[in-house]
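Here is the structure we will look at, set down as structure tokens.
The values are calculated or read from the model by the stated rules, or taken from the named source; none is laboratory data. The shown structure was predicted, so the numbers you read here are calculated from the model rather than taken from an experiment. Note that we place each Cβ from the backbone using ideal geometry, even for glycine, and neighbour counts take in every protein chain shown. For accessibility, only protein heavy atoms count, side chains too; no ligands or nucleic acids. Shrake-Rupley method; radii C 1.70, N 1.55, O 1.52, S 1.80 Å.
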Amino acid sequence: MVLPRVRFAPSPTGYLHVGGARTALFNWLFARHSGGTLVLRIEDTDRERSTEAHTKVILDGLGWLGVQWDEGPLFQGAYGSRHKADAERLVAEGKAYRCFCTREELDTQRAAAEKVGQAFRYDRRCFRLPREEVERRGAAGMPSTIRFLVDDKEIAWDDAVHGRISFQGRDLDDFVILRSDDSAIYNMAVVSDDIAMAITHVIRGDDHISNTPKQIALYRALGHQLPVFAHVPMILGPDGKKLSKRHGATAVGDYQDQGILAPAMRNFLALLGWSPGGDREVLPPDEIIALFTLEGIQKKAAVFDAAKLEWMNGQYLSALPADELVAEVRRRLEQIGLSDDGRDLRPLIDAVKARARTILQVANRVAVRLDPSRSELDEKGRALIGKMGSAFYSNLARAADALEPLGNGAWTAERLLASLKVMAESNGMKLGDAMQPIRVALTGSTVSEPVNELLEVVGAKRSLERLREVAGRERGTGSSA
RNA sequence: GGCGCUAUCGUCUAGGGGACUAGGACGGGGCCCUCUCAAGGCCCAAACACGGGUUCGAAUCCCGUUAGCGCUACCA
């Protein structure tokens, strides 16, 4: 038995979309599961829209996701002469013919058909041209395309995800396979390449189902065995429409920027339109590979749920040692112009990551702990100040007084908690009346790690400065804490 | 319009004729824990699109309807 060869074939006309990324992932998963080979082929034959920058973005995106290809990247543009030769061979064998109709003539015919409410189908006028006439026009340098002669028989295949799908040949047009400039049309190029690259399984988006009968006809005309086709469902936006830019973040780079971890993205994407069966959600990479089969792919389109992605990222985040986050957090701190002063970031990361869902949140919260003046009052913080009134400020001042003595060498979470408890008790305060103002003064919010740990991580000097500074604002409006 | 694909909680899904009082997860709501939150634990609301068959029995099989989506280029 021959090992499978699959390919991912993006066109570099835009960024790496989550839909494309998922298709790539499924191909990769299938190849790894089966011991097969993944070929990366860049379909850059649309000269108008393809750019090198896009190619690079796609390659980078795949690299980030951890989708490793075994062969390539191959560029479709390099195979133009083979595409042309294949198309011409079909003409020579009477399976395709030259068509001299101009774009304008075709448009007119199409418009006429539409006017009568008829489906347009090329009328084969050029197919009926006598051989001498075709030769005469060719010799005269008249531009022509090559059309494939589609016969009326049924074309069907057993799709690995959908089961049997069939089309009637008579519903297909005699489609163009070679342009008048001798470059191949998509369906021709794909089939020519997939044959040349010995692709055994074509795993691609659902939107290619209607191309498949044309490609099958081409495979047969070229005398080649069919690959297995597996058409994976689309990814939709929250409104049920095909996912696109107007849905916001749809490029994998967007998620990378937001601080999504690659393994989380991979796990999430794998489960979008595929299920191993059963209940498991958070799966280690090698298990996903072990479990992955084409049969587990869903027929139905799936809505991209960013909230669930973030939840999953949170799962990975809390499982990840702070050590592995340091570099990324430092990079983001630099981006917002904050130096870490050579501090060990690990305790700060540990302090915040359990409550964070993205690396971006981790970095922002680390920044606030490095420099509490960067904190911004949120709604809950503001509400607390409003509720407590002057007690907010006086409690802060008392807390600062009580904590001051710990400043030389005894600034530990344990001692801080003890002092705070004593202070609260002797003033007849509930612990929360002491804790919450500190939390708000330091972070701007009523949500954080336990206050004593927060104080420890911020450090004695910065904590006390900040506490005193905010406590002294009572007379002010406190517009920007 | 033509052709095709699809149809289980709001979302991702489990389910392959009886184990279904339809399970899990995200999100939502509540409770516990707690200085707050997150995490964790417990609980609640929430779905088989509709109509016909087949069958002793249908979420599961068949047909139709409806709806959604895709394709319908000398784009990929």
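Checking each residue in segment A:144-163 for being touching a strand residue (DSSP E or B) at 6+ places or on another chain (Cβ under 8 Å), under 30 Å from A:E48 (Cβ atoms) and outside any strand (DSSP E or B) picks out A:S144, A:L149. Which of the residues spanning segment A:338-389 are within 15 Å of RNA strand B (Cβ to nearest atom) and in contact with a Lys or Arg (Cβ under 6 Å, 6 or more places away or on another chain)? Of everything in segment A:338-389, those that are within 15 Å of RNA strand B (Cβ to nearest atom) and in contact with a Lys or Arg (Cβ under 6 Å, 6 or more places away or on another chain) turn out to be A:V352, A:V362, A:V368. Taking segment A:339-367 as the search range and keeping residues that are hydrophobic (A, V, I, L, M, F, W, C) and open to solvent by 20 Å² or more (accessible area, probe 1.4 Å), which one is farthest from A:D257 (Cα to Cα)? For segment A:339-367, the residue satisfying everything is A:A354. For segment A:97-108, residues that are more than 10 Å from RNA strand B (Cβ to nearest atom), open to solvent by 30 Å² or more (accessible area, probe 1.4 Å) and closer than 21 Å to A:I185 by Cα total 1.
If you check A:G117, A:G61, A:G94 for being modelled with pLDDT of 90 or more and exposed (fewer than 12 other Cβ atoms within 10 Å of the Cβ), only one passes: A:G94. Once segment A:16-51 is narrowed to residues that are more than 10 Å from RNA strand B (Cβ to nearest atom) and surrounded by fewer than 20 Cβ atoms within 10 Å (Cβ to Cβ), the residue that is nearest to A:S244 (Cα to Cα) is A:H17. For segment A:414-426, the candidate set comprises residues that are open to solvent by 20 Å² or more (accessible area, probe 1.4 Å) and in contact (Cβ under 8 Å) with a residue 24 or more places away in the chain; within that set, the residue that is farthest from RNA strand B (Cβ to nearest atom) is A:E414. Of all the numbered requirements in (1) surrounded by 14 or more Cβ atoms within 10 Å (Cβ to Cβ); (2) farther than 19 Å from A:R355 by Cα; (3) touching a Gly at 6+ places or on another chain (Cβ under 8 Å), A:D433 misses one, and that requirement is (3). Among residues of segment A:153-174 that are over 17 Å from A:P227 (Cβ atoms), those with a beta-carbon under 6 Å from a residue that is among the acidic types (D, E) at least six positions away or on a different chain give the pairs A:S166/A:E154; A:Q168/A:E154; A:G169/A:D151; A:G169/A:D152; A:R170/A:D152. A:M197 meets the stated requirement of being closer than 30 Å to A:Y97 by Cβ, open to solvent by less than 50 Å² (accessible area, probe 1.4 Å) and away from RNA strand B (no atom under 13 Å from the Cβ).
Can you find a residue in segment A:73-87 that is charged (D, E, K, R), more than 12 Å from RNA strand B (Cβ to nearest atom), farther than 22 Å from A:F148 by Cβ and buried (at least 20 other Cβ atoms within 10 Å of the Cβ)? No, segment A:73-87 has no match at all. Screening A:A217 against (1) open to solvent by 10 Å² or more (accessible area, probe 1.4 Å); (2) near RNA strand B (Cβ under 8 Å from one of its atoms) leaves a single unmet condition, (2).
Here A:S166 meets the list (1) assigned to a loop (DSSP other than H, G, I, E, B); (2) near RNA strand B (Cβ under 9 Å from one of its atoms); (3) open to solvent by 40 Å² or more (accessible area, probe 1.4 Å) almost entirely, failing just condition (1). Filtered by the rule that a residue be more than 7 Å from RNA strand B (Cβ to nearest atom) and closer than 19 Å to A:R124 by Cβ, segment A:176-186 gives A:I177, A:L178. Restricting segment A:220-244 to residues that are away from RNA strand B (no atom under 16 Å from the Cβ) and assigned to a loop (DSSP other than H, G, I, E, B), the residue that is surrounded by the fewest Cβ atoms within 10 Å (Cβ to Cβ) is A:Q225. Cβ-Cβ distances below 9 Å connect no pair with a first residue in segment A:190-204 that is modelled with pLDDT under 95, a second residue that is part of a helix (DSSP H, G or I) and surrounded by fewer than 19 Cβ atoms within 10 Å (Cβ to Cβ), and a separation of six or more residues or different chains.
Number of residues in segment A:200-214 that are within 13 Å of RNA strand B (Cβ to nearest atom), open to solvent by 10 Å² or more (accessible area, probe 1.4 Å) and of a type in the set (S, T, N, Q) equals 2.
Residues that are closer than 29 Å to A:D158 by Cα, open to solvent by 50 Å² or more (accessible area, probe 1.4 Å), touching a residue at least 12 places away in the same chain (Cβ under 8 Å) and more than 12 Å from RNA strand B (Cβ to nearest atom) within segment A:280-307 comprise just one, A:A290.
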